[in-house]
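Shown next, in structure tokens, is the structure this report addresses.
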Amino acid sequence: MEEARVGVYVCHCGGNISDVVDVEKVTAYAARLEGVAVSRHYPFMCSNPGQALIEEDIRAGKVNRVVVASCSPRLHENTFRKALARAGLNPYLFEHANVREQCSWAHGAEPERATEKAGALIRMAVAKARLLEPLESLKLPVVPEVLVIGGGAAGLRTTLDLAERGFAVHLVEATPFLGGRLAQLYRVYPTDEDPLALLGDLLGRVVRHPRVRIYTGTTVEAVEGVVGNWTVRLAQKPRCVSEACTSCGRCADVCPVTVPDPFNYGLGTRKAVYLPYPEAWPPRYAVDPEACTHCGACVVVCPEGAVYLEESPRGFELRVGALVVATGFVPYEPARGEYGYGLHPNVITLPQLVRLFSPYGPTRGALRLGNREIRNVVVISCVGSRQTPRNEEKVNTYCSRCCCSASLAAELELKRRLPQANVYHLYRDIRTYARNAEFLYERAGLAGVLFLRYAAEEPPVVVPEGDTLMVRVRDQLTFGEEIEIPADLVVLATGMVPGPGAADLAARMKLPLGEDGFLLEVHPKLRPVEMPLDGVFVAGTVQGPKDLTETACSASAAAAKAAILLSRAQVERDPFLARVDATRCTGCGVCLPECDYGALTLVASERRVVVEAAMCKGCGSCAAVCPEGALAVCGYTTEQLAAMVEAAIAGEGEGEHAPAIDGERHAGQAGAGAFGAAAGG
Amino acid sequence: MSGEEVLDMEGEGEYEPLILMFAEEQCSYPCADTVGLARLSYPPNVRIVRVRCCSMIPPELILDAFRKGVDGIIVATCYPQDCPYRGVERTRERMKRLEPRLREMGLEADRLRVEAICSICTNVFLQVTREMTELLKLLGPTPYKRAS
Amino acid sequence: MREARDVTDALRSVLVVGGGIAGVQAALDLADQGFHVYLVEKEPSVGGRMIQLQKVFPTLDCPSCIFTPKMVAVANHPLISLLTYATVQEARREDKIFGVKILKKPRYVDEGACVGCGVCEKACPVDVPSEFENGLGMRKAIYIPFAQAVPKVAVVDLESCILCGACERKCPTKAVNFTQVEEQIELEVGAVVLATGFGFFDTTRLEQFGGGQFANVIPALTVDRLLVANSPYGAVVRPSDGKIPRRIAFILCVGSRTRNASLGLPYCSRVCCMYTVRQAQSIILNLRRVQVDVYYMDIRAFGKGYEEFYRRAVATGVRFRKGRVARITEKPDGNLVLRAEVMGETNGIVEEEYELVVLALGLRPQVDPRVLFPDLAVDEFGFVETPSPKLDPVSTGVPGVFVAGVAEAPKDIVDTVMQAGAAAMRAAAYLTGLNGG
């Protein structure tokens, strides 16, 4: 390393510094410090002429390290770095001394001591500056393609946004059909729109977009790489139905296998070869590999010869710059016996009720459960949400956000279809917080829905008595009356839990999960769609319960973050990252557990650790524990910190308490600190 | 109290403890800026070293600083939920493990203080610097000589 | 800041109206993608409502700490032109672009010369109630809006100024300039994001709560200014006599969720439950020996971590009482008596005395954006309508005009940040389409 020639520039800041700190004295003092080649002071260092002073000295070869003593680096550190760069000096050969906020402004009543402190701060900055090395910000290339994992509303929205923005998008969906939970709704509220029409519109634009590639029946096996450059290994299960399919349905007619239909949440059945609803996309049947017995009846009967039986998944790889996880949620499944669920066929969940409403549901939209006339319906809120922990059991303490509004919309639908029925809504709080959702609550009340409020500690009790379901609840709204309702139908407003994709991907990609099981974003307030892994984003309900509007916002916001990344040819990171001195590293591995970001790897065969700069955050936790001093954060090395510490302490002996151990004092310097008489120059 | 003792106390009043503070660029360092902005005062003998995260401070550096003659050290971290690097717990544990080493060196463990200071927690900043100064005055100067 | 007229390609430029968290986030998400952004804010500093808060729920982050880096980023971003103390007068559609006219009010301080030192404030002899402190503390006639203001530049409130010239004389950089005039700026952009934020329901309308005349009945935002680390009084005290209150009531849904037009508006303001729970808990942690009661209809703790936060507040000792408060009467000593019908532990009509009452006021949109876009659809409450609210809740009916934040509907910071990102994305996709992408 060349010999350091430090230029020190002390700012007056228009009096803000110079009214308190004797800037001439300080400048003269700095000139005498070891390593300082030039020492100047000037009214406004951040101004153009101020910066020009620095640039001239650099160009003239007088200085190759710069210290500016002025206001907080948070204001002008970048300004001065740019000045260095303009003059042809590496911008990281710069150090700042904060002599305004942390000196003249805080010690305005003690100008002598403030002056002394300013000198000390400059002494510290010079000591570090002498040890600074040129640094290059890290530049990583970016592959301008995205992988979106999950083909529900969130994944579709993100995909369309990014495709329209100009990027190639690969959309993978684990099941054979796109649409996710949106396809399973009957109406969305409070707009009362048809979800299949909304889905069809969005889906249509996605599948027609030239920059979109869709892979159904596909899951992520492994992800390797770094931000901007991911290699993803995927596995696609064979659909067993080719594009020749015309959706005539003969295969399903002859299929001997019948299973509970997951599209209808277990109400009704379907075959092992199926199309969940007429407008499903892709518009061809699919074989459910778990149910299929390989009898081949479908293969034979298909008039187009579109059906084939195939076992093995196809593996393939994609290289992308960013990943968006949008694997969604599943509704909470009540435990057997929970409010009578599983003990009586007329205790159903809200998602199941919605399937009964749907013309594509198990009863083709007839509201019918068995042969029973429905006179009394009881809807119970907060099933599987807002649970109180008991002992060590894992429960869902969170609120699922949409169920209140969803329940009220469903109740209005019940009243529409069964005007004579009594509908009771047993709740804890009505959380109709979304835009216009409050009016659902109003309308439900006006439609004659009766609301009863129960306390968390005293939930309603549902007891099957013969054919009827006796529901008992203590109601707070009638000041604690015990009410008993003989119900024909009990609907449990179940919450959301993360889909199986969440835990699976989290394990494969080392993504954090919250205590609630949903993917955990970097910062809940200000970075709600970013994962701690750079270049991985999250959209939709896999991050937490949301309604459709919130899902769309989250999906577009995740797309924005991905777009920011992909719109650059390179990703630039500041150079304050860890580096290893291979000559000192012994491969002891003490540093490894200190890194939360996976940036350190032990190459056992070579007995040394390597830093993956793209993963490193520069926190320095590893550097602090290295017994050989082999690890350091560039720009904050241990040597540099030690030099600052030493400079902070050195020169403080004069004028202050000199211990009896070695009592050399400079005469006439009591209270004047390190400066003594003013020196020339 | 005899006259001599009073004089001794006055003698100790001249001693201004030298305090080193490690401050994080996201929280405690901007807090020191905010203190200055508001023209609030604290002892001028506090010297601040800016770090990215306090978990980058090698524990040996702390001991070395004490050997070089600093009277007290404040390690000013973020609040755990604000820390972008999750280093607060690590820092606290490492500094705690230094306590027996300090005692071996003949120094009171209280000369090292770890405190969470957020970017606008000016009262915490003032309180900590003031308390540390007062404590160090009571404890007296470090037995280690400072190089001049 | 770059010269506002320095734009080379209008179709790669976006106007963001409003410099709160929504506008700032949208501006950053657009500029980071390479679009030029003009961020226009009517106040002298960006920050909006969020910068006035003491803490944010449920993380209890300090909003200053998490927001100021974004504010600074917006000021320093090479692709963002920040225009503060400015309003958009016109945004006229001309084929594919919008011709925008902006009026920049004179600060009477040269932005390039001012270094934010505050010497002018010390010199000024005039005291005026501080808007930033919600009327609690005072500011001067020449003032820097708040400590973390971006830009950190003083501004003269000419109406309160007595033109004594003290600031002009004292300013070390000669930045004070009373000859400044308003500036007309004209630009062309391809898209607009409306992020004009919100104000609060007007307490003076509520006669049964004192009509704004009871000294110790305060709006919720004032509580934040009392709790904040550098508050005007350094403590939570009540306005009438400076006493520390030991019995405090919070009333939810003030001005919200009612069909009675004299009492307020029918919609839910979404954030009041949570900010009240946060404030109630902060007060208990701050004052220790205090009884805090919250009168509510429903506690809408619906977001991530919100329910758990609510439970913790209950465990900390906040007493939640379900029931609406019908009336507040004031006693001569400044104490207040609340009359309410509650259900739960106690049942029936109660009258309770408190030393301080906090009203959780509802949110209302701050401006009517139809001033700029007459064709914009706006609902009866003034919130911007979006034709496809379920799958595209940021695109308005006017092509190229997008909306984010409370201008569209009440929402908290998380949902605002997400919606701002969404607005940025849709605007970016829209411009890409216009550019033939």
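The values are calculated or read from the model by the stated rules, or taken from the named source; none is laboratory data. These numbers come from a predicted model, not from an experiment. Neighbour counts are summed over all protein chains in view; Cβ atoms, including those assigned to glycine, are modelled from backbone coordinates with ideal geometry.
See the values below:
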{"item": "Tally, over segment B:36-90, of residues that are hydroxyl-bearing (Ser, Thr, Tyr) and under 14 Å from the mean Cα position of the chain (by Cα)", "result": "2"}
{"item": "Count - residues of segment A:431-484 that are in a loop (DSSP other than H, G, I, E, B), touching a helix residue (DSSP H, G or I) at 6+ places or on another chain (Cβ under 6 Å) and free of Cβ contacts under 8 Å to residues at least 40 places away in the same chain", "result": "3"}
{"item": "Positions within segment B:22-34 being more than 19 Å from residue A:70 (Cα to Cα) and part of a loop (DSSP other than H, G, I, E, B), in sequence order", "result": "B:26, B:27"}
{"item": "Positions within segment A:211-240 being in contact with a helix residue (DSSP H, G or I) (Cβ under 8 Å, 6 or more places away or on another chain) and either more than 23 Å from residue A:159 (Cα to Cα) or not in a strand (DSSP E or B) (or both), in sequence order", "result": "A:211, A:227, A:228"}
{"item": "Residues that are over 21 Å from residue A:177 (Cα atoms) and surrounded by 15 or more Cβ atoms within 10 Å (Cβ to Cβ), drawn from segment A:297-317", "result": "A:297, A:301"}
{"item": "Test: residue in segment A:333-350 that is surrounded by fewer than 23 Cβ atoms within 10 Å (Cβ to Cβ) and closer than 30 Å to residue A:147 by Cβ", "result": "yes"}
{"item": "Residues located in segment C:28-70, provided they are assigned to a helix (DSSP H, G or I), within 11 Å of another protein chain (Cβ to nearest Cβ) and closer than 26 Å to residue B:33 by Cβ", "result": "C:28, C:31, C:50, C:51, C:63, C:64, C:65, C:66, C:67, C:68, C:69, C:70"}
{"item": "Selected residue (criterion: modelled with the lowest pLDDT) from residues of segment A:387-404 that are in contact with a Ser or Thr (Cβ under 9 Å, 6 or more places away or on another chain) and surrounded by fewer than 24 Cβ atoms within 10 Å (Cβ to Cβ)", "result": "A:389"}
{"item": "Boolean, residue A:262 is within 29 Å of residue A:202 (Cβ to Cβ), loosely packed, with under 15 Cβ neighbours inside 10 Å and at pLDDT below 95", "result": "no"}
{"item": "When residues of segment A:83-116 are limited to those that are within 11 Å of chain B (Cβ to nearest Cβ) and free of Cβ contacts under 8 Å to residues at least 24 places away in the same chain, the one nearest to residue B:49 (Cα to Cα)", "result": "A:106"}
{"item": "Test result for residue A:589, more than 25 Å from residue C:27 (Cα to Cα), surrounded by fewer than 20 Cβ atoms within 10 Å (Cβ to Cβ) and of a type in the set (Gly, Ala, Ser)", "result": "yes"}
{"item": "Residue match in segment A:527-536 (condition: farther than 24 Å from residue A:142 by Cα and either of a type in the set (D, E, K, R) or at pLDDT 90 or above (or both))", "result": "no"}
{"item": "Segment A:527-558: number of residues that are farther than 22 Å from residue A:386 by Cβ, facing chain C (nearest Cβ under 7 Å) and in contact with a strand residue (DSSP E or B) (Cβ under 7 Å, 6 or more places away or on another chain)", "result": "1"}
{"item": "Every pair of residues 6+ apart whose Cβ atoms lie under 7 Å, when the first sits in segment A:268-295 and is on the phi > 0 side of the Ramachandran plot while the second is surrounded by fewer than 20 Cβ atoms within 10 Å (Cβ to Cβ) and modelled with pLDDT of 95 or more", "result": "A:268/A:261"}
{"item": "Search result, residues across segment A:35-51 that are in contact with a helix residue (DSSP H, G or I) (Cβ under 8 Å, 6 or more places away or on another chain) and not in a strand (DSSP E or B)", "result": "A:35, A:43, A:44, A:45, A:46, A:51"}
{"item": "Pairs with Cβ under 7 Å, 6+ apart, first in segment A:1-18 and modelled with pLDDT under 80, second among the aromatic types (Phe, Trp, Tyr) and crowded, with 18+ Cβ neighbours inside 10 Å", "result": "A:14/A:44"}
{"item": "Evaluation of residue C:208 against (1) within 28 Å of residue C:276 (Cα to Cα); (2) crowded, with 19+ Cβ neighbours inside 10 Å (one fails), failing number", "result": "(2)"}
{"item": "Criterion (more than 11 Å from chain A (Cβ to nearest Cβ), under 28 Å from residue C:92 (Cβ atoms) and surrounded by 21 or more Cβ atoms within 10 Å (Cβ to Cβ)) met by exactly one of C:374, C:365", "result": "C:365"}
{"item": "Per-region count, segment A:507-526, residues over 12 Å from the mean Cα position of the chain (by Cα) and more than 14 Å from every other protein chain (Cβ to nearest Cβ)", "result": "4"}
{"item": "Among the candidates C:121, C:90, C:131, residue that is within 25 Å of residue C:167 (Cα to Cα) and more than 14 Å from chain A (Cβ to nearest Cβ)", "result": "C:131"}
{"item": "Strands (runs of 3 or more DSSP E) contained in segment B:35-148 and holding at least 2 residues touching a Cys at 6+ places or on another chain (Cβ under 7 Å)", "result": "B:72-77"}
{"item": "Residue ID - surrounded by the most Cβ atoms within 10 Å (Cβ to Cβ), chosen from residues in segment C:211-235 that are away from every other protein chain (no Cβ under 14 Å) and in a loop (DSSP other than H, G, I, E, B)", "result": "C:216"}
{"item": "Residue list for segment A:1-24, restricted to those being surrounded by fewer than 19 Cβ atoms within 10 Å (Cβ to Cβ) and in a helix (DSSP H, G or I)", "result": "A:15, A:24"}
{"item": "Residues of segment B:16-35 that turn out to be facing chain A (nearest Cβ under 7 Å), over 12 Å from the mean Cα position of the chain (by Cα) and hydrophobic (A, V, I, L, M, F, W, C), as a count", "result": "2"}
{"item": "Of all residues making up segment A:140-178, the number that are part of a strand (DSSP E or B), touching a Leu at 6+ places or on another chain (Cβ under 8 Å) and not acidic (Asp, Glu)", "result": "8"}
{"item": "Answer residue from segment A:600-629, given it is assigned to a loop (DSSP other than H, G, I, E, B) and more than 12 Å from chain B (Cβ to nearest Cβ) and is farthest from residue B:56 (Cα to Cα) among those", "result": "A:607"}
